[in-house]
Every structure is written in C-alpha cells, then in structure tokens.
Amino acid sequence: MSAQTDAEAQDNDRTTVATVCLGGCSGCHMEFLNIDHGLVDLVEDVDIVASHMIVDEKGVPEADIGIAEGVVTNEENVEVAEALREHCDTVVAWGDCAALRGIMSLRNYQDRDEMLEETFMGEADDESEVPFGDDEGIPKLLEDARPLDEYIDVDVYVPGCPPDADVMKESLEALARGETPEIEGDKLQYD
Amino acid sequence: MSKATQSEAETGVTLEIDGREVQARDGQTILEAAREAGIDIPTLCEHANLSNVGACRMCLVEVDGERNETACTTAVQDGMDISVDTDELWNHRRTMLEMMFADQNHYCMYCEMEGDCELEDMFNRAGLDSSRVPLEYPDIEPDTSNEYVTMDLDRCIGCGRCIRTCDEIVGNGTLNFGNRGRETTIVADDDVPLGESSCISCGSCVQACPTGALYSPLSAYKGRERDCEVETTTCSECSVGCELEVFTNSGRIVKIEGNEDGPAGGQLCEMGRFELLADGRERITEPRVDGETVDLADAIDRARTALTEANGVNAFASDRLPRETLEALSETLSEYDASVEIPGAERAALESDVLAALEAELDVETADLLVDSLHDIEDSDTLVVYDTGIVETHPVVASYVRRAANGETTLVTIDDGTDRLERFADHSIELDAPTATVTEQVTDVFEAGTEALADAAIEDVVDVSLELSGDATFVLGPDVDDAETMVDVFGLAATSDNDVLSLGPGRNRAVADVPTDDLEADAEVAYLLAADDRGEDLDRQIELARGAETVIVQATRESALTEIADIVLPALDWFEREGTTVDADDDQRAVERVLDPRGEIDSDREIIAELQEVAA
C-alpha cells in the first residue's frame with residue numbers, strides 16, 4: 001500500500017466538520033484558533049471541510065458536524081443555516097449569538113431601516129447608498145436578529161462570548177467520538 | 001415568626017432531606033433547617049434580613065414524594081421527607097430560569113454584574129445553554145434619573161428583594177410592584193422616575209439586587225466583587241457610626257456596602273454608600289506655599305513661623321477626623337495663642353451643661369437619660385422626634401424611626417419647619433412656637449393632666465402626653481440648639497423615666513473631650529484642618545480664611561478654600577485615616593486604613609505634631 005492511500009484511508013475515517021459564520025463577529029472562530037497546538041491533535045480526529053479562517057471553501061459542504069457562529073440577522077444567514085441543517089448530521093450553535101441571541105440582537109430594539117440610515121448616511125460620499133438590500137449583491141437584513149434555533153433545529157449549544165477554546169475543543173472531540181458533549185457548571189459561560 | 005420566638009421554641013422536629021436525617025425546630029422553614037444542616041437549597045429571591053415570599057421558585061422541593069413546595073415559605077413538620085436535588089426539580093428550575101431569561105433582556109457579556117450575578121450563577125447550576133421559550137426583546141428604557149442608582153429593568157427578574165429592602169430595612173416604601181399581571185415591573189412611587197420619587201438614594205436596594213437591574217454608576221465596571229479585598233471601617237459622615245465594608249481592587253475603591261449582619265441590616269445612606277465615592281475634587285498630594293510646590297519641611301517651617309508670629313490664631317478642625325487627630329491638634333495649638341472651633345462641639349458642650357444641671361436638680365444619672373444603643377429606639381412604644389432634619393443628617397436613624405412607625409410604635413414629630421417624617425407620623429406637631437414651648441406644654445399635661453391645657457388647638461400635645469405612659473424615646477435632631485428645649489426634653493425624659501437619643505450636628509462625639517473656644521475677631525492667622533470637608537463645613541472655613549491675613553489649610557482635596565490659602569498641606573482621605581471615633585450612643589468605633597495614602601504624607605497627626613515645635 002502506498003503512503004498516499006494510507007492518508008486517504010485516514011481521511012475517510014475522520015469526522016468531517018463544517019463551520020459557518022452567520023451574523024457574528026468571528027470572535028468564536030478566533031477563539032477556536034486559540035486551541036493553538038491542540039488543533040494539530042484535533043485534526044487527527046476531525047477533518048475541517050469548511051471554516052472561513054482555515055479552509056478556502058465558500059459553500060456549505062456535506063459534513064458530519066455543522067457548526068454555526070452568530071445570530072440569524074439577514075436573508076443569507078437563513079439560507080446558510082438551512083443548508084447547514086440539510087448538509088450536516090449534527091448542528092452545533094457556537095457562542096451566545098447562535099445559542100442565546102447575543103450582543104448582535106441589540107439591533108432588535110431599533111427600527112431596521114432607521115438604523116441603516118443612521119449607520120450609513122453622511123458617512124460616505126454622494127455616490128454611496130444605504131444598503132437596504134433591496135438590490136442584488138447585498139443580503140437584506142431581517143426585521144430582527146434571532147438565535148439559530150428559531151430557524152433550524154439545533155442539537156448542541158456551546159454558549160459563551162466567546163466560549164472557551166478548551167470547551168470548544170472538548171465538545172468537538174466528544175462529538176467526534178459520537179458522544180453528546182456535557183457542557184455544564186463553569187464550562188457554561190454567558191460572557 | 002420573629003427570630004426570638006424561633007430560638008425559644010425548642011420543640012424538636014425530625015425530617016429527612018435528600019436522604020439525610022435533619023433535626024429542626026418547630027416553626028423553622030425547610031430552607032432554614034436545611035441550611036443549619038449544611039444542605040444547599042438553591043435560592044434567588046431570598047435574602048438576608050428580609051421576609052420570604054417564594055417568588056422565584058428556585059427553592060422548590062418535593063415533599064413526601066407527592067407535592068412541590070417552596071422551601072423558604074414552608075414550615076418543617078415532623079417526619080417530612082424532602083427532596084432537593086432531583087432531575088425533575090432541576091427541570092422545573094430550569095424552566096423558570098428560561099422564562100426569566102426570555103421575558104427580559106439579559107446580556108451577560110456587557111452587564112456590570114457579570115461574574116457577581118446570582119442569576120448567572122443559577123443559569124450555570126441549572127445548565128441553561130439555550131432557551132426553549134421564544135425571546136421577547138421588550139423595549140425597556142433604563143432609568144438613569146437618580147445620580148447614584150440606575151434602574152435597568154432589562155435585567156429584572158421580579159424577585160422583589162429591592163421592594164422588601166426598601167420596605168422592611170429602610171422603611172421608606174418607595175419601590176413597589178406596578179402594572180400587575182404579565183407586564184409587572186418594579187416602580188418607584190406611582191411609577192415616576194427614581195430621581196423624582198421619594199427615594200432617599202440609600203442604595204440598599206442596589207446591595208440586595210441579585211442581578212444588574214439596580215446598580216450604581218459609581219461602581220459599574222470597576223471590577224468584580226469576587227476579585228476584591230474587603231476592609232471595614234467606620235463611616236465619617238454622621239454620628240450613627242455605620243460600619244462600611246469597603247471593596248477594593250488594585251488600590252482602588254470599587255464600592256461600599258453595609259454590613260448585613262449589623263443592626264442596620266446592610267443599609268447605609270446616600271452619604272456613606274455613594275457620596276464618599278463621588279468626591280471628584282482633585283487630590284492634594286504635595287504641599288504648596290503661595291501657589292508654588294515646596295518640600296514638606298519648608299511648608300511646615302512657614303506654617304510654624306506664621307503661627308508663632310501671629311497676634312492670634314483661629315483654628316478649625318473637621319469633625320470627620322478621628323479623635324486622635326483632633327487631640328493632636330489641640331495639643332499643638334496649646335503652644336500658640338489660638339482658639340479652635342469644631343462642628344458639633346458647641347452642641348455637645350451645651351448638652352453636657354444641661355445634663356450636669358439636671359443631674360443636680362432632679363437627682364438622675366446622666367447615663368440613665370441616654371439611650372444605650374441607638375437601634376434600640378425601635379423597641380419604644382412611642383418615639384418623639386424633635387427636628388425631623390435627621391432624615392438628611394442621620395438617615396440610618398431616620399430609617400429606624402420609620403421602621404418603628406411602620407410597626408407598633410407611635411411616632412410623634414415636632415418640627416418648626418417642614419416635617420420630613422410627616423407621612424410616617426401619628427402626630428405631627430407644627431406649632432409656630434419654638435419647640436421648647438411644645439415640650440413645656442407636654443410636661444404640663446404629663447404632670448398635671450389634660451386640665452392643665454384648655455386650648456383645644458393643642459390637642460396633639462395632649463396626645464403626646466398620654467402616649468408617654470409607655471416606653472418612650474426622645475430623639476433630638478441637630479437643629480435643636482437652645483438650652484430651653486434641651487432642658488425641657490431631658491427634664492421630660494427624667495420625669496417620665498424615658499431615654500433621649502441626641503443626634504447633634506457633630507459627626508464625632510469625641511469633640512466633647514477636645515477643648516474649644518469662641519474664635520477671635522481679629523486673629524491674623526487661620527489654621528484650617530479641613531480634611532475632606534465640603535458643603536457648609538467648607539463654607540464656614542472659607543469665611544474664616546477671608547478674615548485672616550495668613551491662611552494655613554490642611555486638606556485632602558482642592559477647593560475654593562485651598563485656592564485662597566497661603567500654605568497648603570496635604571491631608572489624608574477618609575479611607576486612609578486611622579484612629580477612633582465616638583458615635584451617638586457613646587461607643588468607640590475603629591477608623592481603619594482601607595488603602596495606603598496616595599499623597600506625600602502618611603499621617604495627619606505627624607504633620608500636626610511637627611507644627612508644635614514653635615519657631616525660634
């Protein structure tokens with residue numbers, strides 16, 4: 001057997017993981033990178049097939065585990081969340097935004113269009129427009145930002161802003177072993 | 001049931017809690033029995049010194065395998081079989097927590113209480129990682145109308161601790177539930193902004209709140225309580241002598257809280273909890289002479305020369321200072337041709353003259369005329385308050401008065417201005433006559449019966465006299481400064497075998513032991529030991545400074561006074577001082593150093609002592 005086929009065989013054994021960033025700040029993904037050297041151990045068991053900071057994959061491929069960071073705040077987020085549910089066996093909500101609404105949902109207390117006006121008007125030149133998302137190119141903001149489970153079924157929640165890197169690693173390892181991660185006590189964070 | 005009756009009840013009750021046999025006393029709640037046995041039952045709305053209402057349902061326990069009860073409101077019974085830590089009960093608790101989470105806007109990541117929040121701790125214990133209940137996002141405007149207390153109902157879980165604290169501890173009854181039903185919220189008075197309500201800004205509700213719904217902007221985001229060190233000292237703002245628990249982190253004060261095990265039940269007043277922290281004036285760290293920074297030795301030399309060469313010295317000392325500092329000042333001034341004024345000294349002297357005269361005249365012991373302990377006034381059948389200004393000058397005593405009046409005690413208030421306790425008083429006497437006349441009339445009625453007064457207009461006076469048959473306490477406020485009223489009040493107390501609580505304008509009753517004099521009109525030098533004085537005390541010192549040629553000021557912070565001073569010496573701040581203070585019931589209380597001094601000096605007393613060496 002050649003060395004290459006060995007590697008391929010190993011690839012096939014690994015649990016595939018896809019991560020997506022919805023209406024989030026990428027803070028959860030940054031914290032994921034804080035697993036640091038542990039990532040080297042982690043990729044022995046998992047194959048990260050999509051993750052915007054690690055892998056050059058723009059879509060939502062088929063995967064055993066699908067992880068989402070961020071609230072569902074625009075129409076694209078809905079599509080991505082639904083694709084994640086469709087393409088992945090287990091769906092994980094990473095962070096306070098996806099699990100519990102988080103800081104991004106602070107916009108819910110304001111009128112969407114007024115907020116966009118306020119944010120963009122006067123900031124740029126005469127050529128620029130307020131991105132209401134009525135045209136193609138920019139996804140339209142939903143009326144409210146909502147946590148993931150208001151759109152799709154979520155199997156595992158890892159709250160925290162962001163969750164601790166170790167908790168992310170442990171939960172992923174447990175899922176790769178086919179177990180439900182136990183995140184309780186101090187591992188449950190809300191800040 | 002009161003604590004006293006509980007401890008008297010010795011009837012033994014045996015019950016089982018989570019499989020453990022627990023001995024309890026008849027009348028105890030399941031929660032109390034469990035705590036004594038070291039068994040933890042989760043709670044949120046329960047709080048030290050407050051009545052239990054079973055609002056949060058965290059303490060839900062299963063009784064005899066057949067029904068669920070709140071442990072905080074259910075009395076123990078012999079043979080009870082209690083379960084606390086079951087999956088089913090934790091499911092109930094988690095559901096309650098999810099509803100609390102969904103109903104309001106809890107954003108832990110930027111809440112000032114994050115890390116200290118009891119709700120967050122409970123989320124952790126219950127394993128709340130998502131909400132099965134749709135989130136509400138109610139649009140709630142935080143109430144920032146009060147300078148020191150912010151009410152952000154986004155984080156309120158309706159536990160009612162603040163309401164019970166305001167009612168049961170402070171006796172003010174400002175906070176209440178409003179908009180009953182699904183929209184129930186905490187409201188101040190008739191749902192007015194806190195800053196426009198009857199709130200006295202004592203902050204006791206802030207201390208009691210388990211979440212970040214009530215917090216002080218003075219302490220917000222300064223650090224978590226769990227990362228703080230706590231030092232206790234005595235408040236310098238009035239003669240009640242409340243114990244301050246000062247929380248510090250990295251040499252900075254985070255917040256001040258009251259001692260929940262003390263007689264005041266954790267309450268402090270606006271002055272002790274907030275104003276001590278809110279002094280934003282620039283700190284004086286270096287000595288100055290004529291506006292130029294100089295060495296401490298040079299500044300002291302200049303001050304000595306001025307004191308020595310003066311034809312007379314008018315001195316003033318802050319009564320916020322500990323006894324030892326005032327004594328050091330007195331000793332230093334004895335070397336010079338100096339007179340000294342200390343706030344409260346005049347009243348203390350008058351009081352001691354009156355008491356001495358009465359002792360001789362009526363054959364009573366002074367000690368028998370004064371209350372033993374100032375919180376004992378709550379046990380009086382009748383409280384007669386002369387000068388309701390105590391609401392502002394001695395707020396914690398005012399709360400004892402309100403608590404008593406809310407209970408069984410008859411409250412009589414006598415004031416020649418606005419009656420600040422009118423809504424709590426049974427008789428509010430507002431006569432044009434000076435308060436002395438009222439007392440004199442009460443004395444007449446008390447001694448000779450109602451026939452002594454024919455005038456129906458003074459019905460109140462008759463009522464008061466009749467009330468005096470029980471156990472009464474007379475509270476003398478700071479504005480009573482005439483010998484007549486004092487003789488009458490102490491005399492009435494002596495003849496009716498009752499006690500007086502004297503709350504003079506002085507913050508430290510040790511001033512009675514420091515000799516003071518009338519100031520000289522033409523003294524050339526003013527030596528003003530201002531410390532962190534402000535308000536009226538500072539105004540008085542500015543007046544003295546204006547009348548002098550050379551002004552020596554020893555102060556903690558910059559002010560209009562230090563601006564006009566020729567020689568400025570740094571002084572310690574309240575949290576840097578050490579010594580003792582004497583409170584209104586004559587107890588010595590320790591003033592402890594909370595933080596090391598920031599300025600150039602380590603002790604006010606050393607500087608004062610150095611000034612004693614008269615210039616050659």
Using alpha-carbon coordinates, inclination of helix B:483-495 to the longest axis of chain B, degrees: 50 degrees
Acute angle (nearest 10 degrees) that the helix B:296-309 long axis makes with the longest principal axis of chain B, alpha-carbon atoms: 50 degrees
Cα-projected label distance for B:ASP81 with B:GLU408, points at 7 Å along beta-carbon direction, nm: 4.2 nm
Cα-based convex hull volume of region A:121-187 per residue, rounded to whole Å³: 187 Å³
Compactness index (Cα Rg / 2.2 N^0.38 Å), chain A: 1.13
Alpha-carbon spread of region B:112-160, three principal axes, descending order, Å: 37, 25, 20
Sparsely packed GluC sites (Glu not before Pro) within region B:324-397, loop by DSSP, other Cβ within 10 Å at most 16: B:GLU335, B:GLU365
Per residue Cα convex hull volume in Å³ - calculated over region B:475-519: 100 Å³
Relative contact order (percent, whole number), region B:460-575, Cα cutoff 8 Å, 6+ residue spacing: 18 percent
Cβ neighbours within 10 Å from other chains - mean over B:121-131: 6
Kirkwood Rh and Cα Rg combined as Rg over Rh, evaluated for region B:500-557: 1.01
Test item: Cα-centred dipole of region A:127-191, Lys/Arg +1 and Asp/Glu -1 on Cβ, debye: 260 debye
Label point distance in nm, B:ALA356-A:LEU106, each placed 7 Å from Cα along Cα→Cβ: 6.6 nm
Convex hull projection area averaged over all views, region B:360-508, Cα basis, nm²: 8.4 nm²
Per-residue mean of C-beta atoms belonging to partner chains within 10 Å, peptide B:101-114: 4
Nearest-0.05 FRET efficiency for B:GLU292 and A:ASP36, computed from C-beta distance (R0 60 Å): 0.60
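Quick one: which of B:74-82, B:600-608, B:196-204, B:208-216 comes out on top by average Cβ neighbours within 10 Å, and what's the full order, highest first?
Packing order, densest peptide first, comes out as B:208-216, B:196-204, B:600-608, B:74-82.
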Separation in nanometres of the label points that stand 7 Å from Cα toward Cβ, at A:GLU143 and B:GLU282: 5.6 nm
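Where Rh denotes the Kirkwood radius from the mean inverse Cα pair distance, what is Rg over Rh for chain B? Don't skip to the answer; put the middle values down first.
Working: Rg = 28.0 Å, Rh = 27.3 Å.
Checking Rg against Rh, the ratio lands at 1.03.
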Simple Cβ-charge dipole of chain B, Lys/Arg +1 and Asp/Glu -1, about Cα centre, in debye nearest 20: 2740 debye
Mean separation of Cα contacts under 8 Å (6+ apart) over length of chain B, as relative contact order %: 13 percent
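Would you list B:TRP90, B:TRP574 from fewest to most Cβ contacts within 10 Å?
Exposure proxy ranking, most exposed first: B:TRP90, B:TRP574.
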Dipole magnitude of region B:47-195 about its Cα centre (Cβ charges: Lys, Arg +1; Asp, Glu -1), debye to nearest 20: 220 debye
Ranking of B:LYS255, A:LYS140 by count of other Cβ atoms within 10 Å, fewest first: A:LYS140, B:LYS255
Radius of gyration and Dmax over the Cα atoms of region B:470-616, both given in Å: 19.1, 65
Options A:VAL80, A:PRO181, A:ILE138, ranked by Cα towards positive dipole end of region A:47-191, top entry (Cβ charges): A:PRO181
Zero-based 10 Å bins, Cα pair distances in region B:180-292, whole percents: 12, 37, 29, 15, 5, 1, 0
Computed FRET value (nearest 0.05) for A:ASP191 with B:GLU451, which takes r as the C-beta separation and R₀ as 56 Å: 0.15
Using alpha carbons only: equivalent-ellipsoid semi-axes of the protein assembly as shown, gyration tensor based, whole Å: 62, 37, 24
If the convex hull is drawn through the Cα atoms of region B:509-595, its volume per residue in Å³: 110 Å³
Under 18 Å from the Cα of A:LYS187 - lysines, other chains or at least 8 residues apart: A:LYS169
Per-residue Cβ neighbour rank within 10 angstrom, fewest leading, B:ARG509, B:ARG540: B:ARG540, B:ARG509
Antiparallel %, DSSP beta bridges [both residues in chain A], to 5: 15 percent
Helix A:165-176 axis, angle to chain A major axis (alpha carbon atoms, nearest 10°): 60 degrees
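Bear in mind that the values in this text are calculations on the coordinates, not laboratory data. Source: prediction; values computed, not measured. No Cβ is skipped: glycine too gets one built from the backbone with ideal geometry, and neighbour counts run over all protein chains shown.
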